[in-house]
Amino acid sequence: MKLSIVTLHTNDTKILETIESVYKTVKAQFEYILVDNNRNKERLNIIKQKFPLLKIIQNPTNYGYARGINVGLREAKGEYVIFWDADIVAEPGMITKMWQALQKYPAASYAYSHFYFGRKKMTAVVFDPVLLRQRNYITSTSLIRRLAVESWDESLRRFQDWDLWLRLLKNGKTGVLVDQYLFRIQPGGTMSAW
C-alpha cells in the first residue's frame, strides 16, 4: 500500500504530537504532506528539523480549511489518502486496520472508525446511506481509495467533510466501519475548537 497523509497546520500547538503519532503508527510506505497555514517560523523550523521527510507546502496567505486540504490532495501520489487533522493522535495499527477493512470489502471506497474526543467515546455506525443523509457519523480522518476521493467544496464554511461523504454517496461510493476506537482528537486543538 502506498499512502498519502494530508494535514492542514494552522496554529495548532498539538502538531508535533500529531506528527509523531503518524510516524509511530503508520507501517506502510507513505508520504506526509503538511500544508502550513501557521506562519510561525519557529515552530515550522522545529518541524523541519525533527521530520526532514515531511513534505511541507507553505502558504503566504491563510487558506481556508477546504482549500488547504485540496492543495495537499493535489500533491498526493498514494493509492490511498487520509486527511489527518492537526489535533489527532492515532492508536497503534490504525491505518493497517482501515486498510485491511478495504481489502476485505473491495466495493467500499473508504474505511472509517469510532474515535475519542478527549475521553468521550464518539461512536460511528455501520454504513447506512439513509442515515448519512440525515447526519454525519463519519469523520474526515478516514482512509479513502485515491481513485474515489474528490476535492473538498471550498465554498462551504462548515460541514465540508459531510459534504464530501454525501457527494461520494451520490456517485455510488460507500464506506465500511472498522468497529474500533482508532484515534483520539485532543481537545484544545484547532480542529476540535472549531
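Some observations on this one:
- Built amide H within the under 5 Å cut-off of Phe30, gap 5+: Leu3
- Förster radius 30 Å - calculated FRET efficiency between Arg133 and Gln103, Cβ distance, rounded to 0.05: 0.60
- Here the Karplus relation 6.51 cos²θ - 1.76 cosθ + 1.60, evaluated at θ = phi - 60°, turns the backbone of the stretch 108-113 into coupling constants of 6, 8, 8, 10, 9, 8 Hz, with x for every Gly and Pro.
- Protein accessible area in the chain, 1.4 Å probe - carbon and sulfur %: 51
- Computed 3J(HN,Hα) for the stretch 91-100, one whole-Hz value per residue from the Karplus formula 6.51 cos²θ - 1.76 cosθ + 1.60 where θ = phi - 60°, is 7, x, x, 3, 5, 4, 5, 5, 4, 4, glycine and proline marked x.
- Within the chain, percent of DSSP bridges classed antiparallel, to nearest 5: 30
- Cα gyration tensor category, rounded, prolate or oblate, for the stretch 119-194 with a/c compared to 1.5: oblate
- Cα-derived Rg over Rh, computed across the stretch 52-157 with Rh taken as Kirkwood radius: 0.96
- Distant-in-sequence amide contacts of Gln180, defined by a placed amide H-H separation under 5 Å and a gap of 5 or more residues or a different chain, comprise His114.
- Of all aspartates and glutamates in the structure, those lying under 18 Å Cα to Cα from Lys14, and not within fewer than 8 positions of it along the same chain, are Asp36, Glu42, Asp85, Asp87, Glu91.
- Prolate/oblate/rounded label for the stretch 37-97 (Cα gyration tensor, a/c 1.5): oblate
- Taking every protein chain into account, the 1.4 Å probe leaves Phe117 with about 80 Å² of accessible area, to the nearest ten.
- When the P(r) of the chain is calculated, the portion above 28 Å amounts to 18% of the C-alpha pairs.
- Max mean-square fluctuation residue, GNM over the chain, Cα-Cα springs under 10 Å, options Ile33, Ile19, Ile46: Ile46
- Loop trypsin sites (Lys or Arg not before Pro), the stretch 55-164 (other Cβ atoms within 10 Å of the site Cβ: 12 or fewer; DSSP): Lys77, Arg119, Arg135, Arg157, Arg158
- Treating r as the C-beta distance of Leu169 and Glu91 and R0 as 30 Å, the FRET efficiency rounds to 0.65.
- When Trp99, Trp152 are compared by accessible area of protein heavy atoms, the largest-first order is Trp99, Trp152, using a 1.4 Å probe.
- Pairs of Cα atoms farther than 17 Å apart, the stretch 67-107, %: 46
- Estimated dipole of the stretch 19-90 in Debye, rounded to 20 [Cβ of Lys and Arg +1, of Asp and Glu -1, Cα centre]: 200
The values are calculated or read from the model by the stated rules, or taken from the named source; none is laboratory data. As the structure is a computational prediction, the values presented were derived from the model and not from experiment. Note: ideal-geometry Cβ built from the backbone for every residue, glycine included; neighbour counts use all protein chains shown. Ligands, DNA and RNA are excluded from the accessible area calculation, which covers all protein heavy atoms including side chains. Shrake-Rupley method; radii C 1.70, N 1.55, O 1.52, S 1.80 Å.
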